[in-house]
Amino acid sequence: MDELVELFTFDGRASRSRFWLVIVPGIALLALYLLFFAALGELFGPIVLLPMLGVVWAGSWMGLAVIVKRLHDLERPGWHFFLLGIPVYNLYLWLLLLCRGGTVGRNVYGPDPFLRRRRCRVRAHSP
């Protein structure tokens, strides 16, 4: 349950793998979902589109949260999300988010997400 709640919070940091595992499938699922509900909207009218708004809102919130946490992992404040709206610079920032490793160890925004996962696995396997 904590993993689900963590997807929607803006605190902490997100590793590259977490970013890839949330953003890439999320965009693909959102596109399929939009196509599916657009087809249903054609058949049954606009009332079918109401559930779609909730899912799009939740997915957008989750995507924003993981982008902010990934920025935190790179020691950048969350408001740098707005820099994604600047043409050309947004390509540079997306490349950083997708490819650059985060800060090793603890930074201002919290502990290293990679080390935290590693410690949890070691504790789970300890007698």
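Of all residues in region 64-101, those that are under 21 Å from Phe114 (Cβ atoms), more than 15 Å from the chain's Cα centre (by Cα) and small (Gly, Ala, Ser) total 1.
For (1) under 20 Å from Arg100 (Cβ atoms); (2) at pLDDT below 85; (3) small (Gly, Ala, Ser), each residue gets a yes or a no:
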{"position": "Asp11", "(1), (2), (3)": "no, no, no"}
{"position": "Val22", "(1), (2), (3)": "yes, no, no"}
{"position": "Pro51", "(1), (2), (3)": "no, yes, no"}
{"position": "Gly54", "(1), (2), (3)": "no, yes, yes"}
{"position": "Gly59", "(1), (2), (3)": "no, no, yes"}
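Checking Gly41, Gly12, Gly78 one by one, the residue that is of a type outside the set (A, V, I, L, M, F, W, C) and farther than 24 Å from Val104 by Cβ is Gly41 and no other.
Screening Leu71, Leu43, Leu35 for residues that are modelled with pLDDT of 90 or more and assigned to a helix (DSSP H, G or I) leaves exactly one candidate, Leu71.
Contact map, region 1-29: first residue of a type in the set (Gly, Ala, Ser), second residue surrounded by 16 or more Cβ atoms within 10 Å (Cβ to Cβ) and in a loop (DSSP other than H, G, I, E, B), Cβ cut-off under 9 Å, separation 6 or more or different chains; pairs are Gly12/Tyr109; Ala14/Gly102; Ser15/Gly102; Ser15/Asp112. Surrounded by 11 or more Cβ atoms within 10 Å (Cβ to Cβ), over 24 Å from Thr103 (Cβ atoms) and modelled with pLDDT under 80: does that describe Met1? For Met1, the condition - surrounded by 11 or more Cβ atoms within 10 Å (Cβ to Cβ), over 24 Å from Thr103 (Cβ atoms) and modelled with pLDDT under 80 - is not met.
Among the residues of region 75-112, the ones that are among the acidic types (Asp, Glu) and on the phi < 0 side of the Ramachandran plot come to 1 in all.
Kindly provide the set of residues from region 75-105 that are surrounded by 19 or more Cβ atoms within 10 Å (Cβ to Cβ) and in a loop (DSSP other than H, G, I, E, B), ordered by number. Within region 75-105, Gly102 is the sole residue that qualifies. Within region 28-54, the set of residues being within 15 Å of the chain's Cα centre (by Cα) and surrounded by 12 or more Cβ atoms within 10 Å (Cβ to Cβ) comprises Leu29, Leu30. Among residues of region 57-76 that are among the charged types (D, E, K, R), those with a beta-carbon under 7 Å from a residue that is surrounded by 14 or more Cβ atoms within 10 Å (Cβ to Cβ) and in a helix (DSSP H, G or I) at least six positions away or on a different chain give the pairs Arg70/Phe19; Arg70/Leu97; Asp73/Pro113.
The values are calculated or read from the model by the stated rules, or taken from the named source; none is laboratory data. Note that the coordinates shown come from a computational prediction; the quantities given were computed from them, not determined experimentally. With ideal geometry, Cβ positions are generated from the backbone for all residues, glycine too; neighbour counts draw on all protein chains shown.
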